[in-house]
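The values are calculated or read from the model by the stated rules, or taken from the named source; none is laboratory data. Only a predicted model underlies this, so the values are computations on that prediction, with no experimental measurement involved. Note: ideal-geometry Cβ built from the backbone for every residue, glycine included; neighbour counts use all protein chains shown.
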Amino acid sequence: MTQIREPGTTPSVLDETDKILIRELQADGRASYAALGRAVRLSPAATRVRVQRLLREGIIEIVAVTNPLALGFETMAMLGIEVEGDIREVADLIDPLPEVSYVVIAAGRYDLLVEIVCAHADDLFPFVNERIRSLPGVRRVEIFTYLELEKETHTWGAR
């Protein structure tokens, strides 16, 4: 399972240059070091060192983010899952399923929150019934089907 930060470790501190670089990369992940350097008033080489540090420390990843609905996927849903036993063991079983966008270990009513994307609306019930509810440790699943995706952002990291 992918973790954002190891428990007990100190989060990285970003200076204003790091924040600007992150905002620029969020706007265009393919920007050149020369273009990024102009935005932060550094040489391309110094900019490259900064970006490589952000990547190495796991502060940023440069990836293509797709819109599932634009690609023809019909159904997105959030699953609230109650677990018996070790929550991480159940999360580790769910994590590799291709329909799963992310897995969150949560406090509150549900032990896990799992976002899924299904190609067709008819795929939702079999996925939940046969692939999630049948997993050892899964006690209960509540399905929250998305009707519309109003907002999805990845820009909060540079505040």
Residues of the range 92-132 being over 23 Å from Thr66 (Cα atoms) and of a type in the set (D, E, K, R), which ones?
Asp92, Arg109, Asp111, Glu130, Arg131
What's the number of the only condition in (1) without any contact (Cβ under 8 Å) to a residue 40 or more places away in the chain; (2) more than 18 Å from the chain's Cα centre (by Cα); (3) surrounded by 13 or more Cβ atoms within 10 Å (Cβ to Cβ) that Ala119 fails to meet?
(1)
For the range 136-156, how many residues are in contact (Cβ under 8 Å) with a residue 40 or more places away in the chain and surrounded by fewer than 16 Cβ atoms within 10 Å (Cβ to Cβ)?
11
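The rows are residues; the columns are (1) assigned to a loop (DSSP other than H, G, I, E, B); (2) of a type outside the set (A, V, I, L, M); (3) without any contact (Cβ under 8 Å) to a residue 40 or more places away in the chain.
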residue	(1), (2), (3)
Lys19	no, yes, no
Arg23	no, yes, no
Ala31	yes, no, yes
Ala34	no, no, yes
Ala45	no, no, yes
Gly58	yes, yes, no
Asn67	yes, yes, yes
Leu79	no, no, no
Ser101	no, yes, yes
Within the range 142-159, of all residues that are among the β-branched types (Val, Ile, Thr) and either more than 17 Å from the chain's Cα centre (by Cα) or at pLDDT 85 or above (or both), the one nearest to Ala70 (Cα to Cα) is Thr145
Specify the residue that is nearest to the chain's Cα centre (by Cα); the eligible residues are those in the range 28-80 that are more than 24 Å from Tyr146 (Cα to Cα) and among the acidic types (Asp, Glu).
Glu61
Leu124: passes all of (1) outside any strand (DSSP E or B); (2) within 16 Å of the chain's Cα centre (by Cα); (3) not aromatic (Phe, Trp, Tyr) but (2)
Name, by its number, the condition in (1) of a type in the set (Gly, Ala, Ser); (2) under 17 Å from the mean Cα position of the chain (by Cα); (3) loosely packed, with under 13 Cβ neighbours inside 10 Å that does not hold for Ala107.
(2)
Does Val100 satisfy being surrounded by 13 or more Cβ atoms within 10 Å (Cβ to Cβ), modelled with pLDDT of 95 or more and either touching a His at 6+ places or on another chain (Cβ under 7 Å) or over 30 Å from Arg131 (Cβ atoms) (or both)?
no
